[in-house]
Amino acid sequence: MEILNGLDFSSILRAKQLLEKGGVVAFPTETVYGLGADALNPYAVAKIFEIKRRPRFDPLIVHIDRREWLEELSSNLPKKALLLTERFWPGPLTIILKKRPIIPDIVTAGLSTVGIRMPAHPVAQELIRSLNRPIAAPSANPFGYISPTMADHVAHMLKDRVEVILDGGKSVFGIESTIVSFLDDSVFINRHGAISAEEISDVIGPVLDAKDKGVCESPGSLPYHYSPHKPLKIVNSPLEIATEDSSFLSFKRPLIRVISRYVRILSEQGDLREAAANFFSYLIELDKKDVGIIYAERIPEKGLGKAIMERLKKASKKHTHTTL
Ligand code: TXA
Ligand code: MG
């Protein structure tokens, strides 16, 4: 496994050649790092599922570098989808659309829809542009584990299961894209993410939670996900921490003394954008400490806080891990 500087032209060329041969490459995006393959090559895409040990019923997001791909890949663009892409692309928004047959079934897990996103990260854009084909990519973590926001995370998580990692620095948003779907004139949020529900409402009016409606929730939305190896418990205040043999992921600077052996503060001033950007990387860091449990402070569930809490709640669910 090699980590290459994604800003070097030669690295992009190397990655592109690997992708052309049906290989898999880890690359940076503004949300989290992705594990990419040529989206139109089913054999290449199958490798992603093997590397991640990801169940085949969980579809992948297709990444594009320009709007023209939309027409090639999907057959119908609702008006509200157009408005949202005009506002948020390139950026951390994924839209679920009707798929065309050109997209292999393995990408969409046999669904009639496909998730499409135009990333803003220059290395991601350059990679897609030079391949001249869309790239299918999930987050570059083993299935169920915390998502990587740095090249180093990917290297530790996937080790020799990936040949090339393009390094593009720390992901600025730090949590995944927001996924929206459309039915008649309604817009649903399938996954809360780096663009808040409020920001989406500002553009197209009221949005519904796919979860509440019981419709079109993402197949990969298992109750546990984003999970550290250590048990994780959400607390309202550091007063609830029961043992020193613990780490504490604090939202803001704590006002009282914390007994945990290790403490990480997501944002001193309680800024949600900063908290989201640090969230996965601090969780990965605390998961490596030699303590019995991670405590995490509850975060106000508005704006990006909703996306962070969605991940924290899943991370707190008991499960068994895929180990590589
Ligand atoms: O920010 C992101 O979205 C990152 C970067 C790499 O782009 N990607 C990412 O991919 O988070 P992944 O595979 O970790 O999560 C994609 C989610 C899954 O929960 C999947 O079920 C859902 O998107 N999804 C993909 N296609 C779908 C579809 N056609 N219908 C409903 N949900 C879909
Ligand atoms: Mg993921």
Q) If you project the alpha carbons of the chain onto their three principal axes, what span does each projection cover, largest first, in Å? A) 57, 46, 32
Q) Under the Karplus relation 6.51 cos²θ - 1.76 cosθ + 1.60, θ = phi - 60°, what is the ordered set of whole-Hz ³J(HN,Hα) values for segment 72-77, x standing for Gly and Pro? A) 5, 9, 9, 9, 8, 10
**Q.** Computed over the chain: relative contact order in percent, which uses C-alpha pairs under 8 Å that are six or more apart
**A.** 20
(Q) Output wanted: per-residue J couplings in Hz (rounded whole) for segment 291-304, from phi through Karplus 6.51 cos²θ - 1.76 cosθ + 1.60, θ = phi - 60°, x for Gly and Pro. (A) 9, x, 8, 10, 9, 10, 7, 4, 10, x, 8, 10, x, 5
Q: Show that you can apply the helix-only estimate: for the chain, add -39,500 (n - 2.57) for every DSSP H stretch of four or more residues, divide by all residues, and state [θ] at 222 nm to the nearest 500.
A: -9000 deg cm²/dmol
Q | Antiparallel content of DSSP bridges confined to the chain, in %, to 5 | A | 45
Q) Residue-wise, which Karplus ³J(HN,Hα) couplings in Hz belong to segment 173-179, taking 6.51 cos²θ - 1.76 cosθ + 1.60, θ = phi - 60°, and x for glycine or proline? A) 7, x, 10, 5, 5, 7, 10
Q: Would you mind working out the accessible area per residue for segment 179-324, using a 1.4 Å probe, and quoting it in Å²?
A: 49
**Q.** Cα Rg over Rh - segment 168-324, Kirkwood
**A.** 1.00
(Q) Starting from 0.36 nm per residue, how many nanometres of slack lie between Ser186 and Tyr43 once their C-alpha separation is accounted for? (A) 47.9 nm
Q) Taking a threshold of 22 Å on the Cα-Cα distance, which of the pairs Lys52/Lys318; Lys47/Lys211; Lys52/Lys306; Lys211/Lys252; Lys98/Lys170; Lys213/Lys306 fall above it? A) Lys47/Lys211; Lys52/Lys306; Lys211/Lys252; Lys98/Lys170
Q. When all alpha-carbon pairs of segment 232-317 are counted, what percent fall beyond 17 Å?
A. 39
Q) For the residue pair Glu285 and Ile3, what label-to-label distance in nm results when each label sits 7 Å from Cα along the Cα-to-beta-carbon direction? A) 1.5
**Q.** DSSP loop chymotrypsin sites (Phe, Trp or Tyr not before Pro) with at most 15 other Cβ within 10 Å: longest gap in the chain
**A.** 58-223
Q: Using only the C-alpha atoms of segment 2-130, find the volume of their convex hull and express it per residue in Å³.
A: 101
Q) So who's got an amide H within less than 5 Å of the one on Ile61, skipping anything under 5 residues away but keeping other chains? H placed 1.01 Å off N, in plane. A) Ala137
Q: Could you please state how large a percent of the accessible area of the chain is carbon and sulfur, counting protein chains only and using a 1.4 Å probe?
A: 51
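The values are calculated or read from the model by the stated rules, or taken from the named source; none is laboratory data. Keep in mind that this is a model prediction, so the values were computed, not measured. Ideal geometry is used to build each Cβ from the backbone, glycine not excepted, and the neighbour counts take in all protein chains shown. These accessible areas exclude ligands, DNA and RNA; they are computed on the full protein's heavy atoms, side chains included. Shrake-Rupley method; radii C 1.70, N 1.55, O 1.52, S 1.80 Å.
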